[in-house]
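Asks: If you scroll down you'll find the structure; I have some questions about it.
The values are calculated or read from the model by the stated rules, or taken from the named source; none is laboratory data. Bear in mind that the values here come from a model prediction, so they are computed numbers and not experimental data. Here the Cβ positions follow ideal geometry from the backbone for every residue, glycine too, while neighbour counts run over all protein chains shown. Quick note on the areas: whole protein, heavy atoms, side chains included, nothing else; ligands and nucleic acids left out. Shrake-Rupley method; radii C 1.70, N 1.55, O 1.52, S 1.80 Å.
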Amino acid sequence: MSFEEFSKKKSSLIPLLQKIQENYGFLSADEMQKVSAYLEIPLSKVYGVATFYSQFRFRALGKFAISICHGTSCHVNGSVDIAQIFKDEFEIDEGGITPDGLVSLERVACLGCCSISPVIQINDKIYGHLNRKKVEKLIKKLKAGDL
Ligand code: FES
C-alpha cells in the first residue's frame, strides 16, 4: 500500500492507520514500522497512539470474526460454556484464528445488549439468548456459508 496520498505530518497518523486497517484488516508490526519511517515519528509513539484507540486491531480477524461477550450478565448466563463450544469446534482459543482464516475468536466485555445475554457478535451481527442448541445451529450455518 502506498502512503503517498498522506502528507508527512503528524496529523496524518490516525488517517493512515485507519487506511491500513481498512486495507489489511489489522495493523501489522511491519506496517507500523513503515508508518513510523514515513511520518518520521518514533515507533513507540505510533504504537502509543494506535493502542489508545479501541478501533485499531493488531491481529488478523477471520472471515467470520466471532466476539464472545464475557461481561457480567453474559458470564452469569453461560458465556464460558458458549465460548467452549466454539473453542472445541474450531480448535482455537479466544484470541486465535483458524489456520484457514475462516474463523477468529475474541473475548470482549459487554456488547451492550445484556437483556439478551449470553451474547456473541459475528462480524456486524449480534446473536443473543444463546444456548448449546442455538450455537450448534449457528456453527452449522457458518460452515455452510449461510450466515
Ligand atoms: S454483559 Fe454481555 S452484552 Fe452486556
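Asks: Would you say S36 is touching a Leu at 6+ places or on another chain (Cβ under 6 Å) and hydroxyl-bearing (S, T, Y)?
Replies: Taking the combined requirement at face value, the residue satisfies it.
Asks: Condition first: touching a helix residue (DSSP H, G or I) at 6+ places or on another chain (Cβ under 9 Å), within 18 Å of K143 (Cβ to Cβ) and aliphatic (A, V, I, L, M). Can you find one or more residues in segment 106-114 that meet it?
Replies: For segment 106-114, residues touching a helix residue (DSSP H, G or I) at 6+ places or on another chain (Cβ under 9 Å), within 18 Å of K143 (Cβ to Cβ) and aliphatic (A, V, I, L, M): absent.
Asks: For segment 1-43, which residues satisfy the criterion of being open to solvent by 80 Å² or more (accessible area, probe 1.4 Å), acidic (D, E) and either closer than 18 Å to S54 by Cβ or part of a helix (DSSP H, G or I) (or both)?
Replies: Hits for segment 1-43 are E22, D30.
Asks: Away from the ligand (no atom under 16 Å from the Cβ) and at positive phi - does that describe any residue in segment 39-50?
Replies: Checking segment 39-50: at least one residue is away from the ligand (no atom under 16 Å from the Cβ) and at positive phi.
Asks: OK, next. Being closer than 22 Å to Y127 by Cα and β-branched (V, I, T) is the requirement here; does I97 meet it?
Replies: In short, yes.
Asks: Can you pull out every residue in segment 71-115 that is within 16 Å of the ligand (Cβ to nearest atom), of a type in the set (D, E, K, R), under 24 Å from S54 (Cα atoms) and surrounded by fewer than 17 Cβ atoms within 10 Å (Cβ to Cβ)?
Replies: Residues satisfying the conditions are E94, R107.
Asks: Would you confirm whether or not segment 123-132 contains a residue that is outside the structural domain of E31 (by TED's automatic domain parsing), among the polar types (S, T, N, Q) and assigned to a helix (DSSP H, G or I)?
Replies: no
Asks: Would you please list the contacts, defined by Cβ atoms under 8 Å and residues six or more apart or on different chains, that run from a residue in segment 130-147 that is in contact (Cβ under 8 Å) with a residue 60 or more places away in the chain to a residue that is open to solvent by 80 Å² or more (accessible area, probe 1.4 Å)?
Replies: L147/K125; L147/K141
Asks: Follow-up. Which of the residues belonging to segment 136-147 are open to solvent by less than 60 Å² (accessible area, probe 1.4 Å) and closer than 26 Å to S54 by Cβ?
Replies: Correct list: L138, L142.
Asks: If only one of I126, I68 is open to solvent by less than 20 Å² (accessible area, probe 1.4 Å), within 16 Å of the ligand (Cβ to nearest atom) and of a type outside the set (S, T, Y), which one is it?
Replies: Answer to the check: I68.
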